Amino acid sequence: MNTNVFLRYHKDTAVLVRDYCDKQKALWMGNVIFYTDNTFEDASVPLVYEGQYNLDGNVSSAAFVPQSHLVVVIDGFAFLHLLNSPYWTQVQGQTHPVTDVSTLQCCIDEKDLNCKKISNTVLLYNKGSAMDNQEVFLSDNGGYSYITLPLTSSTKEFLGGIYTMPTISSMVALVVGEDKRFYFRHATPKDSSRLSDTYPLKDNLGEVQVIQVAGMRGHLVIWSPHMVLYSPNNGLVIVPVLEIGEENRSLPPPGLTVWGIATADTGVIAVITSDGVLYYGRLSLEAAVIKFPKNIINDMSSQLVPFFDKYGDFVMLQPAAMVYRAVPFQTFKINVQEQLSQTTPAVIPCPVERFSGNFDGKLFYIDVGGFVKMIVVYVPIPLCPFFPVATVTNAEALIATETIVEDGVTPEGYKTFRMDIDVRQLPEAGIPQKEVLSTVTVDLMERKLSCNNLNPQKAYVIIGCPPLRQIRVIRNTTACTRGTFTEEQLQDDFSYTIPKEVYDPELHFNPNMAKEDLTVKYSYTDFLCPMLVYHDIPWRPTFELWQGDTFVEIVKADFVMFEIHGMHNYRYLQTAKKCVSQPQDWNSMLANQINPDPNTAWTRRNYRRCNDYNGPPLTNPNAEYQVLNQQSKNRIVFSNYNGMYTFKAVVVDPTYSTAT
């Protein structure tokens with residue numbers, strides 16, 4: 001029997017949880033919880049749990065996840081809720097109570113697999129618990145099911161939070177020591193190294209909040225009633241938020257506390273203090289805010305929540321009285337540009353008339369040897385020595401090189417400039433173990449607050465194989481057109497037999513290893529039509545690189561092949577005589593593995609050309625040379641054997657595309 005429970009936020013002060021991929025959606029969480037899909041323009045009904053569990057309804061955390069779901073922590077356990085439906089499901093794999101859910105939405109391209117992977121990563125943790133008794137739960141499927149993420153700790157420390165940081169390919173934890181000082185560290189099973197120095201907490205850990213600013217630039221805001229700190233780079237460096245016009249004075253001012261903070265993916269920040277004053281600023285390499293006129297917020301109700309709307313203006317939101325079981329919401333807006341014109345000290349006029357790029361919000365892939373060209377056009381006011389600056393979040397993998405040229409004159413007589421940005425992988429970074437996401441941001445150098453409408457230009461770059469890029473084999477269809485296979489065979493799977501004399505079941509390609517013949521099923525659907533090759537004609541396949549349905553080029557890179565069932569009754573046409581060092585071969589590469597596997601033994605990560613003078617000396621010039629290339633004369637020569645072979649080819653050239 002299902003029960004219905006009205007949900008309520010467990011803290012006294014309300015919060016707003018937003019869906020940053022669909023900014024119309026949000027949760028207002030207070031003594032009642034409301035959901036909206038139109039930014040509370042219409043009245044909202046309370047969020048109600050409907051399910052088999054008898055719950056008290058205390059919500060400690062919630063987050064939007066893919067496929068129109070919410071992950072909500074109720075009474076210490078996480079539930080998945082399909083929006084605009086009565087369906088609630090307790091997640092799988094959570095074995096201990098938690099307080100918080102943490103996730104980062106990737107809104108660049110929700111169909112992109114790497115973007116989906118980021119959004120599907122969800123973390124559950126128990127804030128304030130001891131690190132040596134901590135269980136963090138990790139989901140990679142949007143919050144449906146979880147596994148335990150082990151965290152190491154050498155001293156008595158406590159967990160303040162854990163966050164996905166895709167632009168450094170890591171997760172980062174906020175850790176607090178017994179001395180009430182905190183720091184950030186990596187939080188993966190392979191890396192627990194410290195990122196930052198330690199900083200003193202000004203309040204209890206339960207009052208500390210970390211805002212992972214939308215936009216995937218690695219910006220973090222760490223705040224509590226007596227503290228506002230900022231990290232521009234995933235927790236590596238932490239700086240105070242300073243007040244413009246008050247030299248070296250950080251927020252909050254003496255005698256006051258921080259009441260609330262709002263941020264947006266454009267890099268803006270608003271800090272509200274306990275006297276109702278609003279401080280507005282920008283998050284870039286540093287964080288500085290300016291004080292708006294006093295008494296701008298008169299009612300400091302615990303039901304008020306701050307946020308920025310889509311126009312960049314500051315909004316305060318609170319529920320009104322219930323009307324017919326639904327609650328309308330009251331908002332009041334503060335026009336940021338108008339307030340900036342009234343501040344003391346006066347805001348310096350924006351030195352730029354125009355600032356725009358051809359890449360803002362776009363996703364790019366950089367394959368091996370590839371690059372991305374980006375353009376920013378800007379118009380500074382006369383006599384202004386202004387120039388933009390480009391930064392990358394993963395400077396160990398990417399480099400951005402800028403060139404500025406004069407590019408015309410506006411009708412008003414102002415010079416127009418163009419910044420050409422060349423983004424490419426650092427050569428010394430090597431081949432990444434997995435696809436790496438970086439954010440490239442072009443912003444105004446020493447940005448002025450008056451440049452409120454000129455937002456930073458952001459692009460997202462993934463080092464890896466672009467979607468739909470693939471390598472195809474050029475096929476002759478002789479076997480299908482000359483009657484080698486019947487029409488029935490070409491429509492369904494068919495079987496053939498490999499004699500025991502010609503294959504190695506361990507895939508080590510050694511003779512006399514099989515005890516019996518092997519029956520193999522061939523799938524025409526998976527492998528298409530077999531190619532017909534004669535035993536007395538040396539053979540080498542030809543590959544093409546395609547981007548979707550567009551032909552790119554013939555693959556001219558080095559590659560190796562092996563027969564997937566362990567067949568070894570073929571040889572190579574060339575030997576090592578022309579090499580200057582002993583070439584690699586399948587026997588030596590498999591011998592280097594503890595658990596030999598031809599699928600991983602010889603790859604672009606361990607390939608060495610035999611013209612490398614630093615390689616091992618050439619001791620056996622008559623050894624087979626087993627590397628193939630479109631431009632070489634090397635071929636495979638088959639024995640006088642009538643049968644089927646199924647080969648897997650591996651491009652081992654580290655300078656060529658990672659497509660498969």
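The values are calculated or read from the model by the stated rules, or taken from the named source; none is laboratory data. As the structure is a prediction and not an experimental result, all values here were calculated from the model. Here the Cβ is made from the backbone with ideal geometry for all residues, glycine too, and neighbour counts use every protein chain on show. Surface accessibility is based on the protein's heavy atoms, side chains included, excluding ligands, DNA and RNA. Shrake-Rupley method; radii C 1.70, N 1.55, O 1.52, S 1.80 Å.
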What ³J(HN,Hα) values, in whole Hz, does the Karplus curve 6.51 cos²θ - 1.76 cosθ + 1.60 give for segment 407-420 when θ = phi - 60°, with x put for Gly and Pro?
9, x, 9, 6, x, 7, x, 7, 6, 9, 10, 10, 9, 8
Output for segment 321-362: chymotrypsin sites (Phe, Trp or Tyr not before Pro) sitting in coil per DSSP, at most 13 other Cβ within 10 Å, listed by number, reads TYR324
Probe 1.4 Å, all chains present, heavy atoms only: SER145 accessible area in Å², nearest 10, is 40 Å²
LYS648 label point, 7 Å along Cα→Cβ, cut-off 19 Å on backbone N: hits in segment 579-607?
585-607
Which residues in segment 540-567 have a backbone N closer than 12 Å to a point placed 7 Å from the Cα of THR655 along the Cα-to-Cβ line?
557-558
Calculate the all-directions average of the projected area of segment 252-335's alpha-carbon convex hull, and give it in nm².
6.4 nm²
So for the pair ASN622, LYS117, with labels modelled 7 Å out along Cα→Cβ, what separation do we get in nm?
4.8 nm
The FRET efficiency for VAL533 and SER68, from their Cβ-Cβ distance with R0 = 51 Å and rounded to 0.05, is 0.45
For the chain, what is the mean residue ellipticity at 222 nm derived from helices alone (per DSSP H run of n ≥ 4: -39500 (n - 2.57); sum divided by total residues; nearest 500 deg cm²/dmol)?
-1000 deg cm²/dmol
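Of the heavy-atom accessible surface of the chain (probe 1.4 angstrom), what whole percent is carbon and sulfur?
With neighbouring chains kept in place, the figure for the chain is 50 percent.
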Within-14-Å neighbourhood charge of VAL271 [Cβ basis; K, R +1; D, E -1]:
0
If you roll a 1.4 Å probe over the heavy atoms of the protein chains, what accessible area per residue do you get for segment 341-463, in Å²?
50 Å²
Cα-based Debye curve of segment 291-347 sampled at q = 0.19, 0.31 Å⁻¹ gives log₁₀ I(q)/I(0) of -0.77, -1.25
If each K or R counts +1 and each D or E counts -1, the residues other than ALA288 whose Cβ falls under 9 Å of its Cβ total -1
What span do the alpha-carbon atoms of segment 148-278 cover on each of the three principal axes, reported in whole Å from largest to smallest?
45, 33, 25
Over the chain, equivalent-ellipsoid semi-axes from the Cα gyration tensor in Å:
56, 32, 24
Out of segment 332-428, which GluC sites (Glu not before Pro) are coil in DSSP terms and have no more than 13 other C-beta atoms within 10 Å?
GLU396, GLU412
Taking R0 as 22 Å, what FRET efficiency do you get between ARG194 and THR148 from their Cβ-Cβ distance, rounded to the nearest 0.05?
0.45
Taking 0.36 nm per residue of separation and subtracting the Cα-Cα distance, what length does fully extending ARG609 through THR575 add?
10.8 nm
Per principal axis, descending, Cα span of segment 207-272 in whole Å
34, 25, 21
So for segment 303-395, what are the equivalent ellipsoid semi-axes in whole Å, largest first, each being the square root of 5 times an eigenvalue of the Cα gyration tensor?
39, 25, 11
Could you tell me what a quarter of the Cα convex hull surface of segment 20-121 works out to, in nm² with one decimal place?
7.0 nm²
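If the convex hull of the alpha-carbon atoms of segment 341-394 is projected onto planes in all directions, what is the mean projected area in square nanometres?
Value for segment 341-394: 6.3 nm².
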Between TYR496 and SER639, what length in nm is gained on full extension when 0.36 nm per residue of separation is reduced by their alpha carbon distance?
49.7 nm
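Over segment 1-157, give the accessible area per residue in Å² for a 1.4 Å probe, as an integer.
Values: 7370 Å² over 157 residues.
Value for segment 1-157: 47 Å² per residue.
Taking the Cα centre as origin and putting +1 on Lys and Arg beta-carbons and -1 on Asp and Glu beta-carbons, what dipole magnitude results for segment 1-132, to the nearest 20 debye?
Using Cβ point charges on Lys, Arg, Asp and Glu, segment 1-132 gives about 160 debye.
When the dipole is taken about the Cα centre of the chain, and only Lys, Arg (+1) and Asp, Glu (-1) are charged at their Cβ, what size is it in debye, to the nearest 20?
For the chain, the charge dipole is close to 880 debye.
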FRET efficiency for ASP42 and VAL405 from the Cβ-Cβ distance with R0 = 56 Å, rounded to 0.05, comes out at 0.65
Between segment 581-610 and segment 16-70, how far is it from one alpha carbon centroid to the other, in angstrom?
54 Å
Residues whose placed amide H lies under 5 Å from that of TRP259, excluding near-sequence neighbours:
ILE272, THR273, SER274
Once the other residues with Cβ under 10 Å from the Cβ of TYR607 are scored (Lys, Arg +1; Asp, Glu -1), what is the net sum?
+2
Tell me which of THR658, PRO616, TYR35 sits at the most positive position along the dipole axis of the chain, charges placed on C-beta atoms (Lys, Arg +1; Asp, Glu -1).
PRO616
What distance in nm separates the simple spin-label points at LYS521 and THR3, each placed 7 Å from Cα in the Cβ direction?
5.0 nm
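Could you sort ARG217, ARG181, ARG605 by their accessible area in this structure, using a 1.4 Å probe and putting the largest first?
ARG605, ARG181, ARG217
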Among ALA62, SER145, VAL392, pick out the residue whose Cα is farthest towards the positive end of the charge dipole of the chain, where Lys and Arg carry +1 and Asp and Glu carry -1 on C-beta, about the Cα centre.
VAL392
Taking the dipole of segment 272-360 about the Cα centre (Lys, Arg +1; Asp, Glu -1; charges at Cβ), the one of LEU304, ASN358, SER341 that reaches farthest to the positive side is LEU304
Between ASP275 and GLN342, the two model label points (7 Å from Cα along the beta-carbon direction) sit apart by a distance in nm of 1.7 nm
